[in-house]
1. Of the peptides 102-109, 117-124, how do they stack up when ordered by the mean number of other Cβ atoms within 10 Å, highest first?
2. What is the spin-label model distance, in nm, from LYS326 to PHE266 if the labels are put 7 Å beyond Cα along the C-beta direction?
3. Accessible area per residue for the stretch 1-126 in Å², computed with a 1.4 Å probe and the full protein assembly in place, what is it?
4. Using a 1.4 Å probe on the protein chains only, how many percent of the accessible area of the chain belongs to carbon and sulfur?
5. Looking at the square roots a ≥ b ≥ c of the eigenvalues of the Cα gyration tensor of the stretch 1-119, which shape do they give, rounded for a/c under 1.5, prolate if a/b is larger than b/c, or oblate?
6. Sorted by average packing, counted as other Cβ atoms within 10 angstrom per residue and highest first, what order do 230-237, 25-32, 90-97 take?
7. Could you run the Karplus curve 6.51 cos²θ - 1.76 cosθ + 1.60 with θ = phi - 60° over the stretch 319-335 and give me ³J(HN,Hα) per residue in whole Hz, x for Gly and Pro?
8. Size of the dipole of the chain about the Cα centre, Lys and Arg at +1 and Asp and Glu at -1 on the beta carbon, nothing else charged, in debye to 20?
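The values are calculated or read from the model by the stated rules, or taken from the named source; none is laboratory data. Here the structure is a predicted model, which means the values were calculated and not measured. Reconstructed Cβ throughout: ideal geometry from the backbone, glycine too, with neighbour counts over all protein chains shown. To get the accessible areas, we keep the full protein, side chains included, count just its heavy atoms, and leave off ligands, DNA and RNA. Shrake-Rupley method; radii C 1.70, N 1.55, O 1.52, S 1.80 Å.
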Amino acid sequence: MTVAHEVRPAVADFTIGDGQLDITIRLNAEAILAGVNLSEVEDTNDSAQAADYDALRAMSDDGLQDAFQQAWPAFADGLTLRAGEITLTPLLRDVEVVPEDNIEVPRDTIVVIATPLPPGDTAVQIGWGSEFGTLVLRQSETVKEPFTGIIEPGALSPPLPRDGSFEESGWQNFTRYLISGFDHIIPKGLDHILFVLGLFFFSMQMRPLLIQVSAFTVAHTITLALATLEIVNIPGSIVEPLIALSIVYVAVENVFARRMTLWRPFVIFGFGLLHGLGFASVLGEFGLEPSRFIASLIAFNIGVEVGQLTVIAAAFLAVGLLFGQKEWYRARIAIPASLVIALIGAYWSFERVFL
């Protein structure tokens, strides 16, 4: 049996105090031990190490814990801890595998790390290996200005003051969330990209495209906010297959509908609600600082929109500008492209339900 698990970012909570840096990381130990490059795949089944991952996922909790402890030196090489120009040595304090009997569900491992800090008040930086994927880094809320951020694969955090007074301007915070929103579309949101392309290939006329994009934007903005506020909470096991089916629908309708129907904007709006729940998954891990909640949410949503518009612009420059007005554009480009999109969406629907 092949186990398919969606790649999720690791989450690290850290505190700086009493001359020591403490970090607690919740991660997918099986993927790391198998050598899956989490920055290159969206699902463990897409990796060349899928069989090794499956074997580790079938291992007992105690067995996985022992395997991680043995592999600790290699894992530690992927961590970067600095105090100014001084490189710190991470020390493994504890490993706990969270029990999960259903092998089709990913299993979390909690890794506790500590390292002494040199004297002085030099700021600390935390880095994450490129093969480990994305890291959500969060500071204890007991400090004055806690840090919350996404550390991209292979990157370092900004300098983190030891007294907890992380000073980030409103513009820096806005930019950080905007980039995260864009990144969630390009390159990480292939399903969202295909959905937007489905909207693009429906018609080369501006009015239908604007109506569809507007309906989609308003809808996913609503559920993004509701899900981030934890007012709405629907499991990814339900949302992700439905997102794939939404791709199939818009692509198939492109083949049979030549004009904007009365119901299509409402259908697109409904699908936008689903995609908003998908966008919210990253913010659910990321978290939003209460003092900047609205600004951060707006920035993330703008990043998503810029990503979607970039996809549409790229599609227009690639095919629309040169061929959009040709009589054969629909028959030779729009319909074949829509069929390919529909097939991919159908496969994802099957995969997310049965594999």
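1. On the way: 102-109: 15.0, 117-124: 13.4.
Descending packing order for the listed peptides: 102-109, 117-124.
2. 3.8
3. With the other protein chains kept in place, the stretch 1-126 gives 49 Å² per residue.
4. About 60 percent, which is the carbon plus sulfur part of the accessible surface.
5. Here the stretch 1-119 falls in the prolate category.
6. Details: 230-237: 11.5, 25-32: 23.8, 90-97: 15.6.
By packing density, highest mean first, the sequence is 25-32, 90-97, 230-237.
7. Once θ is set to phi - 60°, the couplings for the stretch 319-335 become 10, x, 4, 8, 10, x, 9, 6, 4, 8, 4, 5, 6, 9, 10, 5, 5 Hz.
8. Values: 20 positive and 40 negative charges, 430 e Å.
Result for the chain is approximately 2060 debye, rounded to the nearest 20.
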